[in-house]
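Worksheet for the structure shown next.
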Amino acid sequence: MSNLRIALQAKGRLNADSTALLREAGINVEDPGRKFLAKSSSFPAELLYLRDDDIPRAVGMGAADLGIVGYNEVLEREEPVEVVRHLGWGACHLSLAVPSSAQYDGPEWFSGKRIATSYPNILRGFLREKGISASVHQIAGSVEVAPSVGLADAVFDIVSSGGTLLRNSLVEVYRVVESEAVLISGPSLHSDAGKESDLGRLLFRFDSVMQSRGKKYLLMNIPDDRLEEAIRIVPAMRSPTVLPLAQRGWSSLHSVVEEDVLWDKVQALKAVGAEGILVLDVEKLIL
Ligand code: PRT
Ligand code: ZN
(Lines give C-alpha, C1' and ligand atoms only; values in the text may rest on other atoms or scores of the structure.)
(Ligands and ions follow the chains in the order given, each with its own letter.)
Protein backbone atom coordinates (compact mmCIF):
# COMPACT_ATOMS: atom_id res chain seq x y z
CA MET A 1 0.00 0.00 0.00
CA SER A 2 1.37 3.42 -0.84
CA ASN A 3 2.07 6.19 1.63
CA LEU A 4 -0.01 9.29 2.06
CA ARG A 5 2.14 12.10 0.73
CA ILE A 6 1.76 15.44 2.53
CA ALA A 7 3.24 18.64 1.10
CA LEU A 8 4.27 21.35 3.53
CA GLN A 9 6.26 24.57 3.41
CA ALA A 10 10.02 23.85 3.50
CA LYS A 11 10.82 27.09 5.30
CA GLY A 12 8.91 30.23 6.07
CA ARG A 13 6.04 31.32 8.28
CA LEU A 14 4.00 28.11 8.10
CA ASN A 15 6.81 25.58 8.49
CA ALA A 16 7.05 25.45 12.29
CA ASP A 17 3.30 25.16 12.93
CA SER A 18 2.84 22.60 10.15
CA THR A 19 5.63 20.44 11.53
CA ALA A 20 4.27 20.82 15.09
CA LEU A 21 0.76 19.74 14.03
CA LEU A 22 2.15 16.63 12.31
CA ARG A 23 4.36 15.78 15.27
CA GLU A 24 1.49 16.22 17.76
CA ALA A 25 -0.62 13.95 15.53
CA GLY A 26 2.05 11.26 15.93
CA ILE A 27 3.61 11.64 12.49
CA ASN A 28 7.25 11.54 13.40
CA VAL A 29 9.92 12.30 10.89
CA GLU A 30 13.58 12.01 11.68
CA ASP A 31 15.18 15.40 11.24
CA PRO A 32 14.57 15.92 7.53
CA GLY A 33 17.76 18.04 7.30
CA ARG A 34 17.96 19.23 3.75
CA LYS A 35 15.85 16.40 2.39
CA PHE A 36 13.08 17.17 -0.05
CA LEU A 37 11.10 14.05 0.79
CA ALA A 38 11.10 12.37 4.22
CA LYS A 39 9.29 9.23 5.33
CA SER A 40 7.52 9.01 8.66
CA SER A 41 8.58 6.18 10.95
CA SER A 42 5.25 6.14 12.83
CA PHE A 43 2.53 6.57 10.17
CA PRO A 44 2.22 5.50 6.51
CA ALA A 45 3.04 9.01 5.31
CA GLU A 46 5.85 10.89 3.67
CA LEU A 47 6.44 14.62 3.78
CA LEU A 48 7.26 16.65 0.70
CA TYR A 49 8.94 19.99 1.50
CA LEU A 50 8.10 22.71 -1.02
CA ARG A 51 7.76 26.49 -1.44
CA ASP A 52 4.26 27.48 -0.41
CA ASP A 53 3.47 28.78 -3.92
CA ASP A 54 4.01 25.27 -5.32
CA ILE A 55 1.87 23.35 -2.82
CA PRO A 56 -1.60 23.81 -4.44
CA ARG A 57 -0.18 22.68 -7.81
CA ALA A 58 1.61 19.67 -6.32
CA VAL A 59 -1.64 18.55 -4.68
CA GLY A 60 -3.80 19.42 -7.70
CA MET A 61 -1.65 17.33 -10.04
CA GLY A 62 -1.25 14.42 -7.61
CA ALA A 63 2.44 14.79 -6.75
CA ALA A 64 1.14 15.01 -3.17
CA ASP A 65 -2.18 13.77 -1.75
CA LEU A 66 -2.50 16.46 0.91
CA GLY A 67 -1.00 19.87 1.54
CA ILE A 68 -0.73 22.36 4.38
CA VAL A 69 -0.75 25.87 2.98
CA GLY A 70 -2.25 29.36 3.34
CA TYR A 71 -5.80 29.69 2.00
CA ASN A 72 -4.56 32.75 0.05
CA GLU A 73 -2.33 30.46 -2.06
CA VAL A 74 -5.18 27.99 -2.62
CA LEU A 75 -7.45 30.75 -3.93
CA GLU A 76 -4.77 32.28 -6.12
CA ARG A 77 -3.58 29.07 -7.79
CA GLU A 78 -7.04 27.82 -8.85
CA GLU A 79 -6.01 24.17 -8.76
CA PRO A 80 -8.47 21.26 -8.40
CA VAL A 81 -8.03 20.92 -4.64
CA GLU A 82 -10.47 20.80 -1.75
CA VAL A 83 -10.09 22.44 1.65
CA VAL A 84 -10.45 19.59 4.15
CA ARG A 85 -9.79 21.52 7.38
CA HIS A 86 -9.16 25.10 8.49
CA LEU A 87 -6.24 24.84 10.88
CA GLY A 88 -6.69 27.95 13.03
CA TRP A 89 -3.23 29.52 12.63
CA GLY A 90 -1.30 31.52 9.98
CA ALA A 91 -4.10 34.09 10.01
CA CYS A 92 -3.80 37.09 7.69
CA HIS A 93 -5.92 38.90 5.14
CA LEU A 94 -5.49 40.05 1.58
CA SER A 95 -6.28 43.72 1.42
CA LEU A 96 -6.27 46.70 -0.88
CA ALA A 97 -4.21 49.58 0.49
CA VAL A 98 -3.66 53.10 -0.80
CA PRO A 99 -1.12 55.84 0.04
CA SER A 100 -2.18 57.66 3.20
CA SER A 101 -2.21 60.90 1.20
CA ALA A 102 -4.86 59.56 -1.25
CA GLN A 103 -8.43 60.91 -1.14
CA TYR A 104 -9.99 57.44 -0.98
CA ASP A 105 -13.79 57.53 -1.26
CA GLY A 106 -14.76 53.89 -1.90
CA PRO A 107 -13.82 51.03 -4.27
CA GLU A 108 -14.54 53.25 -7.30
CA TRP A 109 -11.32 55.09 -6.40
CA PHE A 110 -9.43 52.15 -8.01
CA SER A 111 -10.92 52.80 -11.48
CA GLY A 112 -8.09 53.50 -13.91
CA LYS A 113 -5.44 52.98 -11.22
CA ARG A 114 -2.42 50.63 -11.25
CA ILE A 115 -2.45 48.07 -8.44
CA ALA A 116 0.69 46.08 -7.53
CA THR A 117 0.22 42.55 -6.21
CA SER A 118 1.56 39.00 -5.99
CA TYR A 119 -2.05 37.76 -6.13
CA PRO A 120 -3.26 38.79 -9.62
CA ASN A 121 -5.98 36.14 -9.97
CA ILE A 122 -7.72 36.99 -6.71
CA LEU A 123 -7.42 40.70 -7.46
CA ARG A 124 -8.80 40.36 -11.01
CA GLY A 125 -11.72 38.32 -9.67
CA PHE A 126 -12.49 41.02 -7.10
CA LEU A 127 -12.28 43.87 -9.65
CA ARG A 128 -14.51 41.94 -12.07
CA GLU A 129 -17.10 41.29 -9.37
CA LYS A 130 -17.16 44.99 -8.41
CA GLY A 131 -17.18 46.15 -12.06
CA ILE A 132 -13.98 48.16 -11.56
CA SER A 133 -11.55 48.57 -14.43
CA ALA A 134 -7.99 48.91 -13.07
CA SER A 135 -4.63 47.59 -14.24
CA VAL A 136 -3.04 44.78 -12.29
CA HIS A 137 0.77 44.81 -11.97
CA GLN A 138 2.18 41.49 -10.87
CA ILE A 139 5.23 41.84 -8.61
CA ALA A 140 6.98 38.91 -6.93
CA GLY A 141 8.08 40.54 -3.67
CA SER A 142 8.15 43.82 -1.70
CA VAL A 143 4.80 44.83 -3.14
CA GLU A 144 4.44 47.46 -0.42
CA VAL A 145 7.20 49.67 -1.83
CA ALA A 146 5.64 49.88 -5.33
CA PRO A 147 3.65 53.12 -4.75
CA SER A 148 6.59 55.00 -3.20
CA VAL A 149 8.81 54.29 -6.22
CA GLY A 150 6.09 55.18 -8.73
CA LEU A 151 5.46 51.58 -9.88
CA ALA A 152 1.81 51.60 -8.80
CA ASP A 153 -0.95 53.75 -7.27
CA ALA A 154 -2.05 51.14 -4.74
CA VAL A 155 -1.28 47.62 -3.51
CA PHE A 156 -3.15 44.39 -2.94
CA ASP A 157 -1.14 42.38 -0.43
CA ILE A 158 -1.11 40.19 2.65
CA VAL A 159 -1.67 42.10 5.88
CA SER A 160 -1.20 40.68 9.32
CA SER A 161 -0.40 43.25 12.05
CA GLY A 162 -0.55 46.17 9.60
CA GLY A 163 3.00 47.26 10.53
CA THR A 164 4.35 46.90 6.98
CA LEU A 165 1.61 49.13 5.56
CA LEU A 166 2.21 51.73 8.26
CA ARG A 167 5.97 51.79 7.62
CA ASN A 168 5.28 52.41 3.93
CA SER A 169 2.67 55.16 4.49
CA LEU A 170 -0.14 52.97 3.17
CA VAL A 171 -3.65 52.60 4.57
CA GLU A 172 -5.74 49.44 4.34
CA VAL A 173 -9.06 50.37 2.71
CA TYR A 174 -10.67 47.06 1.73
CA ARG A 175 -10.26 43.55 3.15
CA VAL A 176 -10.93 41.20 0.26
CA VAL A 177 -10.07 37.75 1.67
CA GLU A 178 -9.54 36.34 5.15
CA SER A 179 -6.92 33.59 5.18
CA GLU A 180 -5.43 31.01 7.50
CA ALA A 181 -3.51 27.77 7.08
CA VAL A 182 -5.64 24.99 5.61
CA LEU A 183 -5.29 21.28 4.91
CA ILE A 184 -6.06 20.56 1.27
CA SER A 185 -6.58 17.32 -0.61
CA GLY A 186 -6.36 16.53 -4.30
CA PRO A 187 -7.84 14.08 -6.79
CA SER A 188 -5.17 11.39 -6.14
CA LEU A 189 -6.77 10.57 -2.80
CA HIS A 190 -10.06 9.43 -4.24
CA SER A 191 -8.52 6.76 -6.45
CA ASP A 192 -6.89 4.92 -3.54
CA ALA A 193 -9.11 3.40 -0.82
CA GLY A 194 -6.08 2.77 1.42
CA LYS A 195 -5.11 6.43 1.31
CA GLU A 196 -8.67 7.56 1.98
CA SER A 197 -8.77 5.42 5.08
CA ASP A 198 -5.38 6.78 6.22
CA LEU A 199 -6.77 10.28 5.71
CA GLY A 200 -9.64 9.40 8.06
CA ARG A 201 -7.13 8.33 10.73
CA LEU A 202 -5.09 11.48 10.16
CA LEU A 203 -8.14 13.78 10.44
CA PHE A 204 -9.19 12.10 13.69
CA ARG A 205 -5.74 12.92 15.10
CA PHE A 206 -5.66 16.49 13.71
CA ASP A 207 -9.12 17.17 15.19
CA SER A 208 -8.02 15.86 18.60
CA VAL A 209 -4.97 18.11 18.55
CA MET A 210 -6.95 21.14 17.36
CA GLN A 211 -9.75 20.62 19.89
CA SER A 212 -7.21 20.65 22.71
CA ARG A 213 -5.75 23.99 21.64
CA GLY A 214 -6.59 26.86 23.96
CA LYS A 215 -7.90 24.45 26.63
CA LYS A 216 -6.62 24.00 30.18
CA TYR A 217 -7.26 21.22 32.68
CA LEU A 218 -8.20 22.56 36.12
CA LEU A 219 -8.21 20.64 39.38
CA MET A 220 -8.84 21.96 42.85
CA ASN A 221 -9.96 21.10 46.38
CA ILE A 222 -13.34 22.43 47.42
CA PRO A 223 -15.51 22.10 50.56
CA ASP A 224 -18.50 19.86 49.77
CA ASP A 225 -21.00 22.58 50.69
CA ARG A 226 -19.53 24.87 47.98
CA LEU A 227 -19.39 22.20 45.24
CA GLU A 228 -22.58 23.25 43.48
CA GLU A 229 -21.43 26.85 43.15
CA ALA A 230 -18.04 25.73 41.82
CA ILE A 231 -19.65 23.40 39.26
CA ARG A 232 -21.70 26.34 37.96
CA ILE A 233 -18.41 28.19 37.31
CA VAL A 234 -16.68 25.29 35.50
CA PRO A 235 -19.42 23.12 33.98
CA ALA A 236 -16.97 21.02 31.79
CA MET A 237 -17.86 19.12 28.62
CA ARG A 238 -20.43 16.75 30.07
CA SER A 239 -20.09 17.42 33.76
CA PRO A 240 -17.00 17.90 35.94
CA THR A 241 -15.37 15.02 37.79
CA VAL A 242 -15.81 15.06 41.58
CA LEU A 243 -13.71 12.77 43.79
CA PRO A 244 -13.85 12.63 47.59
CA LEU A 245 -10.71 13.70 49.46
CA ALA A 246 -9.37 11.60 52.36
CA GLN A 247 -10.35 14.54 54.60
CA ARG A 248 -14.13 14.39 55.17
CA GLY A 249 -16.20 17.29 53.90
CA TRP A 250 -13.84 18.08 51.02
CA SER A 251 -13.76 17.00 47.36
CA SER A 252 -11.44 17.29 44.39
CA LEU A 253 -13.11 18.91 41.37
CA HIS A 254 -11.68 18.45 37.83
CA SER A 255 -12.74 20.33 34.72
CA VAL A 256 -11.58 21.72 31.37
CA VAL A 257 -11.82 25.44 30.54
CA GLU A 258 -10.94 27.74 27.66
CA GLU A 259 -7.64 29.52 28.28
CA ASP A 260 -9.07 32.95 27.51
CA VAL A 261 -11.47 32.73 30.49
CA LEU A 262 -9.04 30.86 32.76
CA TRP A 263 -8.15 33.72 35.11
CA ASP A 264 -11.77 34.85 35.51
CA LYS A 265 -12.74 31.27 36.38
CA VAL A 266 -9.83 30.85 38.80
CA GLN A 267 -10.77 34.06 40.62
CA ALA A 268 -14.43 33.04 40.81
CA LEU A 269 -13.43 29.59 42.13
CA LYS A 270 -11.19 31.15 44.82
CA ALA A 271 -14.11 33.34 45.83
CA VAL A 272 -16.31 30.28 46.49
CA GLY A 273 -13.63 28.59 48.58
CA ALA A 274 -11.51 26.50 46.14
CA GLU A 275 -7.98 25.74 47.31
CA GLY A 276 -4.87 24.18 45.78
CA ILE A 277 -5.98 24.99 42.23
CA LEU A 278 -3.78 23.27 39.62
CA VAL A 279 -3.79 24.32 35.95
CA LEU A 280 -2.43 21.80 33.42
CA ASP A 281 -2.01 21.75 29.64
CA VAL A 282 -4.39 19.59 27.61
CA GLU A 283 -2.39 17.78 24.96
CA LYS A 284 -5.16 15.96 23.06
CA LEU A 285 -8.93 16.13 23.37
CA ILE A 286 -10.93 13.25 21.93
CA LEU A 287 -14.63 14.02 21.93
O1 PRT B 1 9.59 30.51 0.42
P2 PRT B 1 8.11 30.41 0.29
O3 PRT B 1 7.60 30.79 -1.07
O4 PRT B 1 7.60 29.07 0.77
O5 PRT B 1 7.49 31.46 1.37
P6 PRT B 1 6.90 32.91 1.18
O7 PRT B 1 7.98 33.88 1.50
O8 PRT B 1 6.17 33.06 -0.10
O9 PRT B 1 5.77 32.91 2.29
P10 PRT B 1 5.83 33.24 3.84
O11 PRT B 1 6.59 32.18 4.57
O12 PRT B 1 6.19 34.67 4.08
O13 PRT B 1 4.26 33.10 4.18
C14 PRT B 1 3.61 31.88 4.06
C15 PRT B 1 2.14 32.08 4.36
O16 PRT B 1 1.99 32.65 5.67
C17 PRT B 1 1.40 33.08 3.48
O18 PRT B 1 1.02 32.52 2.24
C19 PRT B 1 0.18 33.41 4.35
O20 PRT B 1 -0.80 32.41 4.20
C21 PRT B 1 0.74 33.33 5.77
N22 PRT B 1 0.98 34.64 6.40
C23 PRT B 1 0.49 35.02 7.61
C24 PRT B 1 1.72 35.66 5.92
C25 PRT B 1 1.67 36.68 6.87
N26 PRT B 1 0.90 36.26 7.91
C27 PRT B 1 2.40 37.92 6.62
N28 PRT B 1 2.35 38.83 7.45
N29 PRT B 1 2.45 35.79 4.78
C30 PRT B 1 3.12 36.92 4.57
N31 PRT B 1 3.12 37.99 5.42
C32 PRT B 1 3.94 39.19 4.99
C33 PRT B 1 3.22 40.06 3.95
O34 PRT B 1 3.55 39.64 2.66
C35 PRT B 1 3.73 41.45 4.22
O36 PRT B 1 4.97 41.68 3.58
O37 PRT B 1 4.19 40.03 6.06
C38 PRT B 1 3.99 41.41 5.68
C39 PRT B 1 2.80 41.99 6.39
O40 PRT B 1 2.83 41.71 7.73
P41 PRT B 1 2.38 42.80 8.80
O42 PRT B 1 2.36 42.05 10.09
O43 PRT B 1 3.42 43.90 8.77
O44 PRT B 1 1.00 43.30 8.40
ZN1 ZN C 1 5.88 31.78 -1.52
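The values are calculated or read from the model by the stated rules, or taken from the named source; none is laboratory data. Just so it is clear, the model here is predicted, and its values are computed rather than measured. A quick note on method: Cβ atoms are made from the backbone with ideal geometry, for glycine too, and the neighbour counts reach across all protein chains shown. We work out accessible area using only protein heavy atoms, side chains counted, and drop any ligands, DNA or RNA first. Shrake-Rupley method; radii C 1.70, N 1.55, O 1.52, S 1.80 Å.
Structure values in brief
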| quantity | calculated |
| --- | --- |
| Net dipole in debye of the chain [+1 Lys, Arg Cβ; -1 Asp, Glu Cβ; about Cα centre; nearest 20] | 320 debye |
| In nm, spacing of pseudo-spin labels at SER42 and MET61 (7 Å Cα→C-beta vector) | 3.3 nm |
| Dipole magnitude of the range 20-169 about its Cα centre (Cβ charges: Lys, Arg +1; Asp, Glu -1), debye to nearest 20 | 200 debye |
| Prolate/oblate/rounded label for the chain (Cα gyration tensor, a/c 1.5) | oblate |
| Extended-chain gain in nm, criterion 0.36 nm per residue less alpha-carbon gap, SER160 and LEU203 | 12.7 nm |
| Additional length obtainable on full extension of the chain from GLU129 to SER101, 0.36 nm per residue less Cα span | 7.4 nm |
| Rounded tilt (10° steps) of 262-271 against the dominant C-alpha axis of the chain | 30 degrees |
| Centre separation in Å (Cα based) which lies between the range 104-119 and the range 61-85 | 28 Å |
| Pairs from LYS195/LYS216; LYS215/LYS265; LYS35/LYS215 whose Cα-Cα separation, in the structure shown, is over 24 Å | LYS195/LYS216; LYS35/LYS215 |
| Inter-probe distance in nm under a simple model that places probes 7 Å from Cα toward Cβ, at ASP264 and ALA140 | 4.9 nm |
| Estimated FRET transfer efficiency (TYR217, SER2; beta-carbon r; R0 51 Å; 0.05) | 0.85 |
| Lys/Arg +1, Asp/Glu -1 at C-beta; the range 170-259 dipole; positive extreme among SER188, GLN211, PRO240 | PRO240 |
| Of all accessible heavy-atom area on the range 1-85, the percent that carbon and sulfur account for (1.4 Å) | 47 percent |
| Carbon/sulfur fraction of accessible area - the range 130-175, other protein chains in place, 1.4 Å, % | 48 percent |
| Residues of the range 1-130: accessible area per residue with a 1.4 Å probe, Å² | 49 Å² |
